[in-house]
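Please treat every number below as a calculation from the coordinates, not as lab data. In this text, all values refer to a predicted model and were calculated from it rather than measured experimentally. Reconstructed Cβ throughout: ideal geometry from the backbone, glycine too, with neighbour counts over all protein chains shown.
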Amino acid sequence: MTCKPQGLQALFGGTFDPIHYGHLRPVEALAKQVGLQRVILLPNHVPPHRPQPQASPMQRLEMVQLAVQNNPLFTVDTRELQKSTPSYTLETLSELREELGSTQPLAFIIGQDSLLSINTWYGWEQLLEKCHLLVCARPGYSTHFSNPQMQLWLSQHQTDNPRQLSLQAKGLIFIADTPLVNISATEIRQKLSSGDSCNDLIPHAVLEYIQAHHLYQE
Ligand code: ATP
């Protein structure tokens, strides 16, 4: 029996402290470019030795849910937040790969800044054994590694043909031509703490939640 290729779905992990249009707009454009059927937002548990998010895990999750509540492209996966300890991305991808089986295409979305530091991720060499990587443009970053070995790794896996992503289950890197959206969560937290407007930077429902819960005021 031959297995017909099914739609391409992708995970998008992040701290989302808070989620903003710099996360959502490039990913929506990416979904159109490569024909993503579903984007699964995956809020992370942040390890204790890393700078802690200002919002609690539950608040970050609720903001993510509000941001995409009327957008059928997105779903939210709470598996990392439900665990009592932080999980590595590789572990989560391994779990999903088990659930999907070996032939279904799966991708993981990152911004260019994350691509350039990917060799600091636990087990990064094995990521492409589980999924494709889809890279969104981010202002101030490129896709050029200063380390020649990393540049070689990129060139060995990169494809310019988005159709390949649905035909293969894993193993490819696609650098997407997404709009540059100059927004960061750090900038949003700073603006909110100084009382500046963030109306154009985050979805309205998320802004209302932030105000109702008095988040990011210090
Ligand atoms: P901070 O601004 O505090 O560094 P962040 O928004 O970069 O926060 P995360 O929420 O963890 O941090 O980001 C999740 C993912 O979204 C990462 O892969 C990151 O590269 C990507 N990302 C975040 N902002 C943008 C943006 N403006 N354009 C493209 N990708 C982005």
Task: For region 162-170, 3J(HN,Hα) per residue [Karplus equation, 6.51 cos²θ - 1.76 cosθ + 1.60, θ = phi - 60°, Hz, x = Gly/Pro] - done: x, 5, 4, 5, 8, 8, 10, 6, 6
Open item on the list: Restricting to DSSP loop positions (anything but H, G, I, E, B) with no more than 15 other Cβ atoms inside 10 Å of their own Cβ, which trypsin sites (Lys or Arg not before Pro) remain in region 49-118?
Closed with: 83
Task: Crossing angle, helix 89-100 versus the chain [Cα axis fit, 0-90 degrees, rounded to tens] - done: 60 degrees
TODO: Any chance you could check the Cα centroid distance between region 124-175 and region 76-98 for me, in angstrom?
DONE: 21 Å
Task: Calculated over the chain: convex hull of Cα atoms, volume per residue (Å³) - done: 130 Å³
Task: Signed unit charges on C-beta, dipole axis of the chain, positive-most listed residue 86, 100, 10 - done: 100
Task: Rounded to 10°, Cα long-axis angle of helix 57-67 versus longest principal axis of the chain - done: 80 degrees
Open item on the list: Restricted to Cα positions, what overall size does region 27-98 have along the principal axes? Three whole-Å values, descending.
Closed with: 37, 29, 18
- [ ] Compute the FRET efficiency between residue 191 and residue 150 as 1/(1 + (r/R0)^6), taking r as their Cβ-Cβ distance and R0 = 30 Å, and round to the nearest 0.05.
- [x] 0.30
- [ ] Please name whichever of 65, 162, 152 sits farthest to the positive end of the charge dipole of the chain, dipole taken about the Cα centre and charges placed at Cβ: Lys and Arg +1, Asp and Glu -1.
- [x] 162
TODO: Could you work out how far helix 21-34 tilts from the main Cα principal axis of the chain, as a 0 to 90 degree angle to the nearest 10?
DONE: 20 degrees
Open item on the list: In the chain, if the dipole is taken from +1 on Lys/Arg beta carbons and -1 on Asp/Glu beta carbons about the Cα centre, which of 217, 204, 174 is farthest to the positive end?
Closed with: 174
- [ ] For region 1-115, give the magnitude of the charge dipole about the Cα centre (Cβ charges: +1 Lys/Arg, -1 Asp/Glu; no others), in debye to the nearest 20.
- [x] 200 debye
TODO: Report the charge-dipole magnitude of region 117-185 in Debye, nearest 20, computed about the Cα centre from +1 at each Lys and Arg Cβ and -1 at each Asp and Glu Cβ.
DONE: 100 debye
TODO: Count charges around residue 95 for me, please; just the other residues with Cβ under 11 Å from its Cβ, Lys/Arg as +1, Asp/Glu as -1.
DONE: -1
Task: Qualifying aspartates and glutamates (Cα of each under 17 Å from Cα of residue 32; at least 8 residues distant if same chain) - done: 160, 177
Task: 222 nm mean residue ellipticity, helices alone, for the chain (DSSP H n ≥ 4; -39,500 (n - 2.57); rounded to 500) - done: -10000 deg cm²/dmol
TODO: State to the nearest 20 debye the size of the charge dipole of the chain about its Cα centre, where the only charges are +1 on K and R beta carbons and -1 on D and E beta carbons.
DONE: 360 debye
Task: Stretchable slack from residue 46 to residue 73, in nm (0.36 nm times residue separation minus alpha-carbon distance) - done: 7.2 nm
Open item on the list: Can you give me the Kirkwood hydrodynamic radius for region 108-186, using every pair of distinct Cα atoms, in Å to one decimal?
Closed with: 13.2 Å
- [ ] Just check region 63-105 against the gyration tensor rule for me: Cα atoms, a ≥ b ≥ c as the square roots of the eigenvalues, rounded for a/c under 1.5, and otherwise prolate or oblate depending on whether a/b exceeds b/c.
- [x] oblate
